[in-house]
Amino acid sequence: MAKKEMEFVKEITRMEDDFAQWYTDVILKTELVDYSPVKGFMVIRPYGYEIWENIQAFLDKRFKETGHKNMYFPLLIPESLLNREKEHVEGFAPEVAWVTHGGKEELAERLCVRPTSETIICSMYSKWLQSYRELPYLYNQWCSVVRWEKSTRPFLRTSEFLWQEGHTLHETYEEAQDETIQMLNIYRQMAEELLAIPMVSGRKSEKEKFAGAYATYTIEALMHDGKALQSGTSHNLGQHFTKAFEIQYLGRGGELEFPFHTSWGVSTRLIGGLIMVHGDNRGLVMPPRVAPTQVVIIPIAQNKPGVLDKAYELKAALVERGIRVELNDDTNYTPGWKFNEYEMKGVPLRIEIGPRDIQNNQAMAARRDTLEKAPMSLDGFADNVAGMLDTIHNAMFEKAKKHRDSMTFVVDDYEEFKNRMATTAGFAKGMWCGERECEDKIKADTAATIRCMPFEQEDLGSVCHFCGKPAKHMVYVAKAY
RNA sequence: CGGGGUGUAGCGCAGCUUGGUAGCGCAUCUGAUUUGGGAUCAGAGGGUCGCGGGUUCAAAUCCUGCCGCCCCGACCA
């Protein structure tokens with residue numbers, strides 16, 4: 001058995017040996033994605049897509065609870081529209097894909113495949129908005145966007161990715177700012193309550209903010225290998241776009257006004273994040289609330305009388321309770337094979353039911369996160385399972401938080417900071433002067449970037465830890481995906 | 001766009017040095033016996049050897065051009 005276990009582990013590269021290869025092995029072997037015939041474009045397979053559907057369901061409910069409605073805008077944007085806002089076009093121009101022909105005829109004006117939809121949405125908003133009475137505009141769309149990336153990795157950076165983008169208009173700056181922060185908070189809740197990923201949230205520096213934004217806010221997670229992942233952004237766009245697109249309305253005082261604008265988005269990148277935060281050398285570890293399959297039931301010695309009946313009875317009880325459950329009664333595979341298979345796929349809880357268990361009015365419950373196996377009573381079975389899933393969620397969140405905290409350090413000494421970024425990486429906390437020159441030097445020296453100026457500011461001193469000038473903000477610095 | 005690697009069955013690889021009718025493991029299919037941590041036996045199917053050109057009686061193998069993909073950087077969610 002020990003030998004077989006070693007053989008199994010060999011199928012997935014160990015994290016410690018090569019984290020990037022581990023990631024690739026896991027996503028391919030668990031059938032989350034596959035590479036497509038077009039470079040940089042991935043196929044999301046059913047097991048991966050179901051994760052995205054669960055993320056969508058969670059967010060869509062929150063969006064609607066906060067007054068937003070969904071809509072859909074076209075894939076293609078005329079070049080002239082993209083060019084309307086200067087910072088924006090400069091930010092995205094290098095990575096847009098162009099449609100130049102319709103059939104055999106060359107188009108009079110090139111059309112870009114949307115890299116994001118601010119421009120086309122604003123052009124329509126300017127047509128629609130007339131009066132302050134219509135504000136706020138609270139809309140969102142679920143779609144995919146295309147950015148022609150030079151180097152790509154499934155989920156983390158692909159040329160096309162699925163996301164949602166909210167686009168709202170408000171009467172005042174304060175309202176727009178409240179909206180921006182509200183949506184960031186929803187993202188943070190989603191990350192913590194659904195994905196069990198602890199986030200640092202805060203504001204981006206001028207260098208890192210969205211092209212055309214007044215201010216960008218972000219949630220940042222730390223991956224198992226010590227690199228950070230920007231996991232969601234919310235932008236206060238001020239009046240940059242509304243002025244460029246001449247969105248005007250008649251205000252309360254009878255004057256024409258420009259509204260204040262926000263946009264916010266998360267993408268399928270989140271799936272990459274949950275893999276790299278929770279996964280281990282056996283494969284995926286799915287947080288229970290987002291897991292496509294939350295519980296798998298494996299009957300043992302299933303041809304013995306009563307076993308399969310009991311297994312189906314347990315499944316029915318879990319379905320009744322609203323738990324996503326799968327029962328694998330395929331006789332071509334041994335229980336051991338199934339155990340390994342579902343562990344690799346990260347199913348949070350495995351229930352084993354065999355003749356001995358039935359005799360004792362129990363089942364064996366094996367947790368994926370801790371790999372612990374213990375008897376579970378069949379009295380109140382569905383409640384026991386539901387409780388266990390919550391326990392697993394909480395344990396996974398705490399474990400991820402502990403890991404992040406263990407890789408977070410204060411910058412005392414610049415040389416040590418450089419050294420640490422080159423080895424174990426992690427989150428570096430420090431005071432920062434706020435100057436672009438200093439930020440550029442950090443990147444040149446370490447390849448790390450300022451991830452954010454967190455809302456929860458800590459007073460770590462009065463001078464910049466990176467250049468010695470007077471400090472303005474406390475920042476998190478990390479290497480990023 | 002720079003650096004590195006790789007291309008032979010669905011997947012992982014051997015064969016190439018020294019040219020001679022394409023092989024192994026896993027997976028798949030059929031049947032039987034099995035089932036508390038990746039079962040066993042018997043049988044079966046599956047290939048334009050990345051693409052083009054050349055040398056040769058003969059090319060997976062030698063020469064040549066091209067292409068794809070992966071990883072690491074720079075750029076970005």
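Values in this text are rule-based calculations from the coordinates and carry no lab data. Since the structure is predicted, the reported quantities are computational estimates derived from the model, not experimental observations. Positions of Cβ are generated from backbone atoms using ideal geometry, with glycine treated the same way; all protein chains shown enter the neighbour counts.
Sites count as exposed loop sites when they are trypsin sites (Lys or Arg not before Pro), lie in a DSSP loop, and have at most 14 other Cβ atoms within 10 angstrom; the longest stretch of chain A without one is A:322-471.
Stokes-Einstein diffusion for chain A at 37 °C, viscosity 0.692 mPa s, with a Kirkwood radius from C-alpha pairs, works out to 133 µm²/s.
Only Lys, Arg, Asp and Glu carry charge here, each on its Cβ (+1 for the first two, -1 for the last two); on that basis the range A:408-478 has a dipole of about 200 debye about its Cα centre.
Using just its DSSP H runs of length 4 or more, each adding -39500 (n - 2.57), chain A gives a mean residue ellipticity at 222 nm of -11000 deg cm²/dmol after division by all residues. Of interest is the spacing of the C-alpha centroids, which for the range A:81-139 and the range A:295-370 amounts to 52 Å. Dipole check for the range A:104-188: with +1 at the C-beta of Lys and Arg, -1 at the C-beta of Asp and Glu, and the Cα centre as origin, the magnitude is about 500 Debye. Remark: chain A carries a charge dipole of roughly 560 debye about the Cα centre, counting +1 on each Lys and Arg Cβ and -1 on each Asp and Glu Cβ. Scanning residues 5 or more positions from A:LEU327 or on other chains, those with amide H under 5 Å from its amide H are A:ILE297, with H placed 1.01 Å from N in the peptide plane.
Computing FRET efficiency as 1/(1 + (r/R0)^6) for A:GLU435 and A:SER80, where r is the C-beta to C-beta distance and R0 is 30 Å, gives about 0.25.
In a DSSP loop and with at most 12 other Cβ atoms within 10 Å, the chymotrypsin sites (Phe, Trp or Tyr not before Pro) in the range A:22-118 are A:TYR72.
Summarising the amide proton neighbourhood of A:VAL410: residues at separation of 5 or more, or on other chains, whose placed amide H is nearer than 5 Å comprise A:LYS429. Placing unit charges on each Cβ (+1 for Lys and Arg, -1 for Asp and Glu) gives the range A:295-391 a dipole about its Cα centre, and among A:GLY346, A:PHE381, A:VAL325 the Cα reaching farthest toward its positive end belongs to A:GLY346. Between A:GLN56 and A:ALA215, residue separation times 0.36 nm minus the direct Cα-Cα distance comes to 54.7 nm. Ordering A:GLY279, A:PHE427, A:CYS467 by Cα displacement along the dipole of chain A toward the positive end leaves A:GLY279 in first place; charges were set at the Cβ atoms of Lys, Arg (+1) and Asp, Glu (-1). Derived scalar couplings between HN and Hα for the range A:425-433 equal 6, x, 8, 9, 9, x, 8, 9, 6 Hz in order, rounded to whole Hz, by the Karplus curve 6.51 cos²θ - 1.76 cosθ + 1.60 (θ = phi - 60°), x for Gly and Pro.
Put simply, the amide H of A:THR172, placed in the peptide plane, has neighbours under 5 Å in A:PHE260, leaving out anything fewer than 5 places away on its chain. Each residue of the range A:193-200 was assigned a 3J(HN,Hα) from its phi angle through the Karplus expression (A = 6.51, B = -1.76, C = 1.60, θ = phi - 60°), giving 7, 9, 9, 6, 10, x, 10, 9 Hz with x at Gly and Pro.
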